[in-house]
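The numbers here are math on the coordinates, done by the rules we state, and not lab data. Because the structure is a prediction, the values reported are computed rather than measured. Reconstructed Cβ throughout: ideal geometry from the backbone, glycine too, with neighbour counts over all protein chains shown.
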Amino acid sequence: MQEQNNADLPRPRYYPEANQDLQEEQELPPLVRQTDAEELPPLVRRTDWEQEIPPLVRQPEVEETPPPIRRTDVSKPPVRKHVSTDMEDTVSFEPPKAPEVHVVRRQPEEDGGYGAYEKYDQPERRKTNHSEKTGSASQKSQKQKQPRKKKKKHFHVPGGFILKRIIRSLLTTAFIIFAIYSAIAFFMIHKLEKIPDGRRTVLTGNLDESYVRNVLLIGTDSRDLTTERGRSDTVMLLSLNSKTKKIYLSSFMRDAYVEIPGYGMNKLNAAYSLGGAELLMDTLEQNFQVSIDDYLSVSFLGFAGIIDSFGGVKIDLSDAEADALNIILQSEVNGLAGDDPLSDLLEKGGTYLLNGKQALSYARIRYVGNADFERTSRQREVMTKLLENAKSKAMTAIPELISSAMPHLATNMTDLELYFLSLRVPFITGYQIEQIQIPQDGTYTPADIDGQSVLQIDSAANTQLLKETVYSALAEQ
């Protein structure tokens, strides 16, 4: 019956075109066939593709976090035993255990996420015996015998940080001022004319103290101190006494009849003409027993420039002094300065603020009053007023001193000696100024020797005067 039914089914028709297509499909080249996986290009293979990826493209490996260290060596608490009074039996018991505490930590997985939770048992705390906690009696006694270390007390000063800042600022300011002062001092010292030391006569037994510094001031009428010696118009010893806190201005009269080493007896001002500043210092040392190693010579123009630098000096003049000042201005000083002979004249006596030329003319007045005695007194007066002005106007006078006065000054001191001497200037501003005349009254006799008017002096008496004043070690109370 089944076979009959199958026979009744329609038979499939034959299509030659389909057989031809199937035959063409079987004749395709080998590379197109899907079954030849082994002949695919090497880059398509998965294993080779993973090896050729650069290291930077790969995903970073996640380091595994090590599990926490478990404490397994914790000893169990000691077992306490209870002994009965009858000593019949011994009952052992253990204290109740503390409840277990579990620490839960989440472990990271390889893919960077977090996996399952894991439990770790917390170790039991170690219980100490009573003997361990209290210790033996011997140990207690040893601990009590050990001296305790004293703790250092730190005292806190209120405002200490601010105080340090103030001190640091003051030190910095002082250093800057000192540097500026030193620079100006060296610049001014460089402007001075330096004259090397000449031949000196070595004398012994002179007055010499470490607290006294002597500098001989020489005023000359020369125009050029390096080439022309000129005549000494002023001989004054400037002495700084650090014990009495005084500045001494000692004027030596140029008509004093003294012994000049190598030339015999003559007037004091002849020593400078014969042998310069070195012979003049030797003459003063030999006749008055003072020690002089340094000098500062100034010309007329240099003296006038110093006066102008400090703003002039205030002087009281009589009518006779005003007339004599005008004569010297017209005949000498104005011509030396290259000015009109009639410039800067005074009408009459009175109180004037004299400029450099007028002060120079006033210091050279000789024939008014007691001749050379009043002349040296005027010189000391001008120098005293000049030093007083220098105390308050030192900084403002520096520019004009450098330009107009310093080129007309000469000295035998080195730059380093002058610098150390300049460092004393701020400390001597409070010194008192005292004037001395040599020879002093009552220690000389006027005389006429070889047609010259001279002063015969008592050298020993004047030496004693210098010893009691210039070289005094006792300050007046």
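Numbers for the structure displayed
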read-out: Loop-resident sites, the range 395-477, for GluC sites (Glu not before Pro), counting at most 14 other Cβ within 10 Å (DSSP); value: 476
read-out: Cα-Cα over 25 Å, subset of 267/467; 191/246; 246/314; 348/391; 245/467; 246/391; value: 191/246; 348/391
read-out: Volume per residue of the C-alpha convex hull in the range 301-431, rounded to whole Å³; value: 124
read-out: Qualifying GluC sites (Glu not before Pro) in the range 224-278, DSSP loop, other Cβ atoms within 10 Å at most 11; value: 228
read-out: Extension gain from residue 172 to residue 314, taking 0.36 nm per residue of separation minus the Cα-Cα distance; value: 47.2 nm
read-out: For residue 403, net neighbour charge (Lys/Arg +1, Asp/Glu -1) across residues whose Cβ lies under 12 Å away; value: -1
read-out: Centre separation in Å (Cα based) which lies between the range 405-435 and the range 285-299; value: 15
read-out: Loop-located chymotrypsin sites (Phe, Trp or Tyr not before Pro) in the range 382-460 whose Cβ has at most 12 other Cβ within 10 Å (DSSP); value: none
